[in-house]
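> First the structure, then my questions, so here it is.
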Amino acid sequence: MTLPTGFADLPAPPYYAVIFSSLRNRDDEAGYAAASDRMLELAARQPGFLGAESTRGADGFGITVSYWASESAIAGWKHQAEHAATRAYGRTHWYDHFELRVARVERAYGKTARSGTTR
């Protein structure tokens, strides 16, 4: 499994977004990629997980947004043992800088390329 590169298929709001912005260093690219795949695999099995969107530029700056049904679902993910261990490792080995923000999504709309209509 690889990080998603497209749009998450989400329900109507409200729901929660966990926004993880990071600046990667160049250490252990293969280990990082494997851990990233594993975290998405684990998150997808976590109660309340709705989806994720992720992108990373050539300069190492990336944003991953994971979507959750509730704050308790986010807390469950935060305390999932393998995720907690990977987070701790990443803080000291993979990131030069990171920020995490949690927001409640009240409204969502967009345009699909296929239909050309706004939803």
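The values are calculated or read from the model by the stated rules, or taken from the named source; none is laboratory data. Keep in mind that what you see is a predicted model, and the values were worked out from it rather than measured. We place every Cβ from the backbone using ideal geometry, glycine too, and count neighbours over all the protein chains shown.
> Could you tell me whether Tyr109 is assigned to a loop (DSSP other than H, G, I, E, B) and among the aromatic types (Phe, Trp, Tyr)?
Answer is yes for this residue.
> Inside segment 30-76, can you point out the residues that are exposed (fewer than 15 other Cβ atoms within 10 Å of the Cβ), within 13 Å of the chain's Cα centre (by Cα) and not charged (D, E, K, R)?
Result: Ala44, Thr55, Ile63.
> Can I ask one more? Go through the residues of segment 30-51 one by one and say whether even a single one is polar (S, T, N, Q) and closer than 27 Å to Gly110 by Cβ.
Yes - at least one qualifying residue is present in segment 30-51.
> Criterion first (under 20 Å from Tyr15 (Cα atoms), part of a helix (DSSP H, G or I) and in contact with a Leu (Cβ under 8 Å, 6 or more places away or on another chain)) does Leu50 satisfy it?
No: the conditions fail for Leu50.
> From the set of residues in segment 1-27 that are farther than 24 Å from Gly76 by Cβ, touching a Phe, Trp or Tyr at 6+ places or on another chain (Cβ under 7 Å) and not hydrophobic (A, V, I, L, M, F, W, C), which is surrounded by the most Cβ atoms within 10 Å (Cβ to Cβ)?
The qualifying residue surrounded by the most Cβ atoms within 10 Å (Cβ to Cβ) is Arg24.
> OK, next. Looking at (1) surrounded by 13 or more Cβ atoms within 10 Å (Cβ to Cβ); (2) over 14 Å from the mean Cα position of the chain (by Cα); (3) within 16 Å of Leu100 (Cβ to Cβ), which is the one condition that is false for His79?
Among (1) surrounded by 13 or more Cβ atoms within 10 Å (Cβ to Cβ); (2) over 14 Å from the mean Cα position of the chain (by Cα); (3) within 16 Å of Leu100 (Cβ to Cβ), the lone unmet condition for His79 is (1).
> Could I ask something else about it? With the checklist (1) of a type outside the set (Ser, Thr, Tyr); (2) within 22 Å of Glu41 (Cα to Cα); (3) free of Cβ contacts under 8 Å to residues at least 24 places away in the same chain in hand, flag the one item Trp94 doesn't pass.
Among (1) of a type outside the set (Ser, Thr, Tyr); (2) within 22 Å of Glu41 (Cα to Cα); (3) free of Cβ contacts under 8 Å to residues at least 24 places away in the same chain, Trp94 violates only (3).
> Further question on the same structure: Can you tell me which residue among Arg87, Arg91 is within 14 Å of Ala35 (Cα to Cα), part of a helix (DSSP H, G or I) and in contact with a strand residue (DSSP E or B) (Cβ under 9 Å, 6 or more places away or on another chain)?
Answer to the selection: Arg91.
> Please state which one of Ala81, Ala69, Ala85 is small (Gly, Ala, Ser), within 22 Å of Ala8 (Cα to Cα) and modelled with pLDDT of 95 or more.
Unique residue meeting the criteria: Ala69.
> Consider segment 88-119. How many of its residues are at pLDDT 95 or above, surrounded by fewer than 12 Cβ atoms within 10 Å (Cβ to Cβ) and of a type in the set (Ser, Thr, Tyr)?
Selection size over segment 88-119: 0.
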